[in-house]
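Bear in mind these aren't lab numbers, they're just calculated from the coordinates by the rules spelled out. The shown structure was predicted, so the numbers you read here are calculated from the model rather than taken from an experiment. Because the Cβ atoms are built from the backbone with ideal geometry, glycine has one as well, and the counts that use them run over all protein chains shown.
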Ligand SMILES: C[S@@+](CC[C@H](N)C(=O)[O-])C[C@H]1O[C@@H](n2cnc3c(N)ncnc32)[C@H](O)[C@@H]1O
């Protein structure tokens, strides 16, 4: 049986990310290899065909998820009793893709209707709690433990928030945990401008509102963040291309606006 799905604006973009992970998984050599994505796509009553114009973004979305998975595994290796706060989880299967130690905690957060849909499609996931709220509300934080190292993941989220809400959310997380890591993706200002012109984004009636400042400046604005890693999506995608395409992409990755179009950032903090 398929699930009727009515999502709009920034919520509809979770279907785009899901579909692109399913497309990646159909490749002979997938970048991510998310075996859950196609199964979930097949169970959703939505015209995914109209996202066909996004196909070229599959390597980007798969590369992003792969990098976030790697940083999640790295965190759990170092903190088997840690907490993963998976903000804007959408329909991403990350808690199923990652081997989680029994001592770790995991909390998925997204809008209430997204969390309901997620639970209908995945059922309860062992060791995972789900909170349905906008991340910019305050009340849900009361449900989040404060006594353990945390990995705060925000994949495909911050660009949809107003800049003041990005600052408030980051500072709220930094006050909440004694120590941890913050991982997110940020787009360049020119990407913020053009994203809303993309046909699927226009149909969803959404666009980007926040662009990534210089990574060191972001850390200064949000003490005690310290920058641990900064990866260019374009540069990482090159690693999954044929030799000829890789040479061209790597050359392009030296051009700052291309290099910084989308970056994956990892920060550490100890209060
Ligand atoms: C591009 S999707 C990414 C979903 C998921 N991280 C993935 O990679 O598949 C954007 C997600 O951000 C969520 N989102 C946007 N604004 C939000 C907010 N204020 N509070 C909670 N979730 C939000 C949407 O519901 C959606 O799930």
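Data overview
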{"item": "For the chain, average projected area of the Cα convex hull in nm²", "result": "13.7"}
{"item": "Residue 119 versus residue 247: modelled label distance in nm, points set 7 Å from Cα along the beta carbon direction", "result": "5.5"}
{"item": "Full-extension gain in nm, residue 258 to residue 133, via 0.36 nm per residue minus C-alpha separation", "result": "41.6 nm"}
{"item": "Rg [Å, one decimal], Dmax [Å, integer] - region 131-271, C-alpha atoms", "result": "16.7, 52"}
{"item": "Region 62-270, relative contact order in percent, only Cα pairs under 8 angstrom and at least six apart counted", "result": "19"}
{"item": "Region 87-166: relative contact order in percent, alpha carbon pairs under 8 Å with at least 6 residues between", "result": "35"}
{"item": "Relative contact order (percent, whole number), region 1-56, Cα cutoff 8 Å, 6+ residue spacing", "result": "42"}
{"item": "Whole-number D in µm² s⁻¹ for region 41-181, Kirkwood Cα-pair radius fed into Stokes-Einstein, 37 °C, 0.692 mPa s", "result": "203"}
